[in-house]
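Asks: I'd like to ask you about the structure that follows.
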Amino acid sequence: MPCGEYFTDYTSRMGLVRWRTQKIALALGLPLPFLAPFLFEGGTLTLLTQAYIFGVAVLGLNVILGYAGEIVLAQGAFMAIGAYSTSRLLEAGAGLLPALAIGGFMSAMVAVGFGLPSFRVKGFYIAISTLALQFISEWFFNNGQAAFIHGGSQQQFPSDVGLLGPVAKVGSTFDKYYLALVAVLLFALLSLNLSRTGIGKTFRAVHENDLSAAVLGVNVFKNKLLAFGIGGFMIGVAGGLYGFQIGFISPGYFTLSLTLEHYVMLLFGGLGRVWGALLGVGVVTLIRDNLRELLGIVSDLTGMNATATVPVFFGVIIIVVLAVEPKGVLAALGKIKEYFRKWPFAY
């Protein structure tokens, strides 16, 4: 506890923003994202919008992997289900918010279905189950014979839709930016509160040692499926937002490389930490954008497709982070903070 600050009741002790410095940082930092559209150009604004959307998806992955400890290799599949479901509902005249909610629900149901093997297996075995979903989804959305279900492999999102049916039309770059910003703030708040509830604590108990949790009376299987459902819903909503943001969807956008990219973001920032996940999304998105620009220049100079090596760089980042600081950059920043807090005295 910082010197000179103390709690007088349990409500303030359990608050999300407890210290004076945190309150000042929140008051100064929160308005900045809302002012960003007036400070940056269209390309930067589009990049920020995508970062917010990926932030929602990585927060969903954090619920499944970081909280409950279930390895998921179907991030692209969950986003694809949400995106295609949202597209079909928008074609039917539903508003954007109902379409996103139902798309997230469809993704959650599929996530729970492919989480059923967790009743008998765990670890890398459940990872293989979700990897199978990734391959199945790519085949399914590329299959023209199933177009009556998913509506076609390549779909164009309407450029101007209402939030609720025809009411409150959105479609501009500003609208998409603020919609993604509100979504990431909402799901970040949800994730922070989830980690403090009884459900979040049982998730962590299952993550640490599912056998010990079962001995203490925790329904391990139920909580694993609940984590799959919550995380799948968030990832599905992110898929719908992603499709609406780029205006066009194709199975090529939701491949295994997208899963790898989101794993890099989560592991880089810090597994099981909401702020770590968001930090990882921001830093990796910036690195990816500059890396692709640099490799594009290399491709023009050499005549080789250097941009195809982007997943290699992401793989190297994962190895380096796990070797240097397995708990992520946020944990490393915490160690630096503690060092300067104690310096020059060891106590």
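Asks: Count, please, the residues in the stretch 133-146 that happen to be modelled with pLDDT of 80 or more and open to solvent by less than 40 Å² (accessible area, probe 1.4 Å).
Replies: The qualifying residues number 5.
Asks: In the stretch 37-64, what residues are β-branched (Val, Ile, Thr) and surrounded by 24 or more Cβ atoms within 10 Å (Cβ to Cβ)?
Replies: Thr49, Ile53, Val56, Val58, Val63, Ile64
Asks: Is it true that Ala101 is small (Gly, Ala, Ser), more than 24 Å from the chain's Cα centre (by Cα) and open to solvent by 30 Å² or more (accessible area, probe 1.4 Å)?
Replies: The answer is no for Ala101.
Asks: A further question follows. Does Val215 satisfy the criteria of being out of contact with any Gly (no Cβ under 8 Å at 6 or more places or on another chain) and closer than 27 Å to Gly76 by Cα?
Replies: Considered against the rule, which asks whether it is out of contact with any Gly (no Cβ under 8 Å at 6 or more places or on another chain) and closer than 27 Å to Gly76 by Cα, Val215 comes out as no.
Asks: One residue is enough: does the stretch 290-309 have a residue meeting the conditions in a helix (DSSP H, G or I), of a type outside the set (Phe, Trp, Tyr) and within 20 Å of the chain's Cα centre (by Cα)?
Replies: no
Asks: Pairs under 6 Å by beta carbon, first residue over 19 Å from Tyr263 (Cα atoms) in the stretch 125-154, partner charged (D, E, K, R), six or more apart or different chains?
Replies: Gly151/Arg88
Asks: How many of the residues in the stretch 14-29 are among the charged types (D, E, K, R) and open to solvent by less than 100 Å² (accessible area, probe 1.4 Å)?
Replies: 1
Asks: I'd like to know if the stretch 68-89 contains one or more residues that are under 24 Å from Phe135 (Cβ atoms), open to solvent by 60 Å² or more (accessible area, probe 1.4 Å) and in contact (Cβ under 8 Å) with a residue 24 or more places away in the chain.
Replies: Yes, the stretch 68-89 contains at least one residue that is under 24 Å from Phe135 (Cβ atoms), open to solvent by 60 Å² or more (accessible area, probe 1.4 Å) and in contact (Cβ under 8 Å) with a residue 24 or more places away in the chain.
Asks: Given the options Phe244, Phe203, Phe233, Phe228, name the one that is aromatic (Phe, Trp, Tyr), open to solvent by 60 Å² or more (accessible area, probe 1.4 Å) and in a helix (DSSP H, G or I).
Replies: Phe233
Asks: Counting just the residues of the stretch 162-200 that are open to solvent by less than 50 Å² (accessible area, probe 1.4 Å) and outside any helix (DSSP H, G or I), which one comes out farthest from Leu278 (Cα to Cα)?
Replies: Gly165
Asks: May I pose another question? Can you tell me which residues in the stretch 247-271 are within 13 Å of the chain's Cα centre (by Cα), closer than 20 Å to Phe78 by Cα and open to solvent by less than 40 Å² (accessible area, probe 1.4 Å)?
Replies: Selection gives Leu258, Thr259, Glu261, His262, Tyr263, Val264, Met265, Leu266, Leu267.
Asks: Ok, one more. Within the stretch 114-130, is there a residue that is aliphatic (A, V, I, L, M), farther than 17 Å from Ala68 by Cβ and open to solvent by 10 Å² or more (accessible area, probe 1.4 Å)?
Replies: yes
Asks: Please tell me if Pro158 is part of a loop (DSSP other than H, G, I, E, B) and open to solvent by less than 60 Å² (accessible area, probe 1.4 Å).
Replies: Against the criterion (part of a loop (DSSP other than H, G, I, E, B) and open to solvent by less than 60 Å² (accessible area, probe 1.4 Å)), Pro158 qualifies.
Asks: Any residue in the stretch 285-310 that's under 20 Å from Leu45 (Cα atoms): show its pairings with residues that are of a type in the set (D, E, K, R) at Cβ separation under 8 Å, as long as the two are six or more apart or on different chains.
Replies: Once the first residue is under 20 Å from Leu45 (Cα atoms) and sits in the stretch 285-310, its partners that are of a type in the set (D, E, K, R) give Arg288/Glu261.
Asks: I'd like the full set of residues that are without any contact (Cβ under 8 Å) to a residue 40 or more places away in the chain and surrounded by 13 or more Cβ atoms within 10 Å (Cβ to Cβ), limited to the stretch 312-346.
Replies: Residues satisfying the conditions are Phe313, Glu325, Ala332, Leu333, Gly334.
Asks: Looking at this structure, is Ala213 without any contact (Cβ under 8 Å) to a residue 40 or more places away in the chain and assigned to a helix (DSSP H, G or I)?
Replies: Considered against the rule, which asks whether it is without any contact (Cβ under 8 Å) to a residue 40 or more places away in the chain and assigned to a helix (DSSP H, G or I), Ala213 comes out as yes.
The values are calculated or read from the model by the stated rules, or taken from the named source; none is laboratory data. Predicted model only: the values in this text are computed from it and were never measured. No Cβ is skipped: glycine too gets one built from the backbone with ideal geometry, and neighbour counts run over all protein chains shown. Note: accessible area is taken over every heavy atom of the protein model, side chains too, but ligands, DNA and RNA are not part of it. Shrake-Rupley method; radii C 1.70, N 1.55, O 1.52, S 1.80 Å.
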